[in-house]
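In what follows, a single structure is set out as structure tokens and then discussed.
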Amino acid sequence: MSKISWTDIQSKRLKELNADPKTMSTLFDTNEQRNHSYQTLERKLVKLEKSRLNEFLTNQLQPKIYKLECRLTKILNQQGFSRVTNPTIISKTQLARMTIDRQHPLFDKVFWINARQCLRPMLAPNLYRVMYELARLGKKPIRFFEIGPCFRKESDTSQHNNEFTMLNLVEMGLPRENRHQRLMELGQLIADAAGLKDYAFEKKSSAVYGDTIDIVCGDDKLEIASGAMGPHPLDHAWRIIDTWVGLGFGLERMVMIAEGSESIGKWGKSLAYLDGIRLNF
Ligand code: ATP
Ligand code: MG
């Protein structure tokens, strides 16, 4: 029975060049056979990547993640959600108000730029402030969203980037009994627009975060979004008294899944990849 697999270096290179899972798990009888197959395959894949790059530069012209961002903006606008843009740099006080202090698992992932300020690991602290301002000024229901970069020091590289793009939407002032239904409706709207097929909702309850709903995808149930609703244990600190639902999605995760890819690094901000295409041919 064949039992010789690709070497680590070959395997890494083939993954970079977008070899499919079947190719990745091919086994050989001898090293010579394997090395010969590798050379032929590498040449073929490089050619394929070059034609994908050419297609990107002449026809596609925009990365898939940017196209997704535009598509989602349009769909949310049509549903009455306004887009907001908040600062990427936030304060330690804002984090503390989200209960992200030394004891919190997210705290160690925060990129500090000085003793008082960090790069936002999530959009929620700014959005809570927007909720407060709009609740005072606007009439209900209030609907808005932000799409923008978030930063976390992560160690798992196939599903996490240190810099990634979050979509966070919020609807305030809806009837309490409609919140679950509305979260699912909005989740479905975004997941469908991103071209995801095999996704499911997972309800959870926790003392700190109240009722939450995650959206997970595929057999390995990779999380693409987390949803929450208010009244919520954190609302008091932000002076929020209205009902609300909110969902946060990772755009790179959605593109990765929609493209049938297993590594998120290709789809984020990168100098090594352009729209999923490895540049070092
Ligand atoms: P995970 O458990 O997968 O690390 P999380 O629960 O910590 O995710 P949330 O804080 O709920 O993530 O953020 C909302 C969404 O943002 C996630 O569902 C995911 O799609 C995306 N996301 C979070 N962290 C990252 C990251 N480091 N890189 C890419 N996307 C991310
Ligand atoms: Mg989550």
Query raised in the report: How about LYS15: which lysines have a C-alpha closer than 18 Å to its C-alpha, ignoring those fewer than 8 places off in the same chain?
Result: LYS44, LYS47, LYS50, LYS266
Query raised in the report: Could you give me the ³J(HN,Hα) list for segment 153-167, computed from phi with Karplus coefficients 6.51, -1.76, 1.60 and θ = phi - 60°, whole Hz, x at Gly and Pro?
Result: 6, 10, 9, 6, 8, 8, 10, 10, 10, 5, 10, 9, 10, 10, 10
Requested in this report: Using just the helices of the chain, give the 222 nm mean residue ellipticity in deg cm²/dmol: DSSP H runs with n ≥ 4 each add -39,500 (n - 2.57), and the total is spread over all residues, rounded to 500.
Outcome: -10500 deg cm²/dmol
Query raised in the report: Whole-Hz Karplus ³J(HN,Hα) for segment 22-27, in order, using 6.51 cos²θ - 1.76 cosθ + 1.60 and θ = phi - 60°, x for Gly and Pro?
Result: 5, 4, 4, 9, 4, 10
Report summary line: Going residue by residue through segment 265-273, the Karplus relation 6.51 cos²θ - 1.76 cosθ + 1.60 with θ = phi - 60° gives ³J(HN,Hα) values, rounded to whole Hz and with x marking Gly or Pro, of x, 5, 9, x, 6, 7, 9, 8, 10
Query raised in the report: Given H placed on each backbone N at 1.01 Å, which residues far from GLN159 in sequence or on other chains put an amide H within less than 5 Å of it?
Result: ILE264
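Computing the accessible area with a 1.4 Å probe over protein heavy atoms, can you report the carbon and sulfur percentage for segment 123-281? Spell out each step's value before the answer.
Details: 3740 of 7350 Å².
Heavy-atom surface of segment 123-281 belonging to carbon and sulfur, 1.4 Å probe: 51 percent.
Sequence gap at least 6, Cα distance under 8 Å: using those rules, report the relative contact order of segment 117-166 to the nearest whole percent. Numbers along the way, then the final one.
On the way: 39 pairs, mean separation 19.4, N = 50.
Taking the mean separation of contacting Cα pairs over the length of segment 117-166, I get 39 percent.
I want to verify the translational diffusion coefficient of the chain in µm²/s; compute it with Stokes-Einstein, Rh as the Kirkwood radius over Cα pairs, at 25 °C and 0.890 mPa s.
On the way: Rh = 20.9 Å.
So the translational diffusion coefficient is about 117 µm²/s.
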Query raised in the report: Can you give the FRET efficiency for HIS36 and PHE201, using 1/(1 + (r/R0)^6), R0 = 51 Å, r = Cβ-Cβ distance, to the nearest 0.05?
Result: 0.60
Query raised in the report: At 10 °C and 1.306 mPa s, what whole-number value in µm²/s does Stokes-Einstein give for the translational diffusion of segment 129-281, with Rh from the Kirkwood sum over Cα pairs?
Result: 95
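What's the Kirkwood radius of segment 1-110 in Å, using all Cα pairs?
On the way: mean 1/r = 0.0522 Å⁻¹.
Computed over Cα pairs of segment 1-110, the Kirkwood hydrodynamic radius comes out at 19.2 Å.
Carbon and sulfur together cover what percent of the accessible area of segment 54-100 at a 1.4 Å probe radius?
Values: 1450 of 2820 Å².
Within segment 54-100, the accessible surface is 52 percent carbon and sulfur.
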**Report entry** For the chain, built as a Gaussian network whose Cα springs stay under 10 Å, the top-fluctuating residue of GLY227, GLY260, GLY268
**Finding:** GLY260
Report summary line: Counting only backbone N atoms under 16 Å from a point 7 Å out along Cα-to-Cβ of GLU223, the residues of segment 162-193 in range are 162, 164-169
Query raised in the report: Expressed in nm², what is the orientationally averaged projection area of the convex hull enclosing the Cα positions of segment 83-132?
Result: 3.5
Requested in this report: Please list, in chain and number order, the residues 5+ apart from GLY230 or on another chain whose amide H is under 5 Å from its amide H, with Hs placed from the backbone.
Outcome: TRP244, VAL245
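Pairs of Cα atoms under 8 Å, at least six residues apart: use those to get the relative contact order of segment 156-252, whole percent. Please report the intermediate quantities before stating the final value.
Values: 145 pairs, mean separation 35.1, N = 97.
That works out to 36 percent.
Hey, can you find the accessible area per residue of the chain for me, probe 1.4 Å, expressed in square angstrom?
Details: 15380 Å² over 281 residues.
Per residue, the chain has 55 Å² of solvent-accessible surface.
Would you mind classifying segment 57-142 by shape? Square roots of the alpha carbon gyration tensor eigenvalues, ordered a ≥ b ≥ c; an a/c under 1.5 is rounded, otherwise it is prolate if a/b is larger than b/c and oblate if not. Before the final figure, lay out the partial values.
Details: a/c = 2.88, a/b = 1.31, b/c = 2.21.
Because a/c hits 1.5 or more and a/b fails to exceed b/c, segment 57-142 counts as oblate.
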Report summary line: Connecting every pair of Cα atoms under 10 Å apart in the chain and solving the GNM, the largest mean-square fluctuation among GLN181, GLN159, GLN33 falls on GLN33
Query raised in the report: Remind me, relative contact order of the chain in percent, using alpha carbon pairs under 8 angstrom and six or more residues apart?
Result: 17
Report task. Using the structure shown, list the pairs from LYS140/LYS221; LYS67/LYS92; LYS22/LYS203; LYS153/LYS269 with a Cα-Cα distance above 24 Å, or answer none. Result -> LYS140/LYS221; LYS67/LYS92; LYS22/LYS203
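The values are calculated or read from the model by the stated rules, or taken from the named source; none is laboratory data. Fair warning: this is a prediction, and the values are worked out from it, not measured in the lab. When we count neighbours, we look across all protein chains shown, and the Cβ atoms used for this are built from the backbone with ideal geometry, even at glycine. Surface accessibility is based on the protein's heavy atoms, side chains included, excluding ligands, DNA and RNA. Shrake-Rupley method; radii C 1.70, N 1.55, O 1.52, S 1.80 Å.
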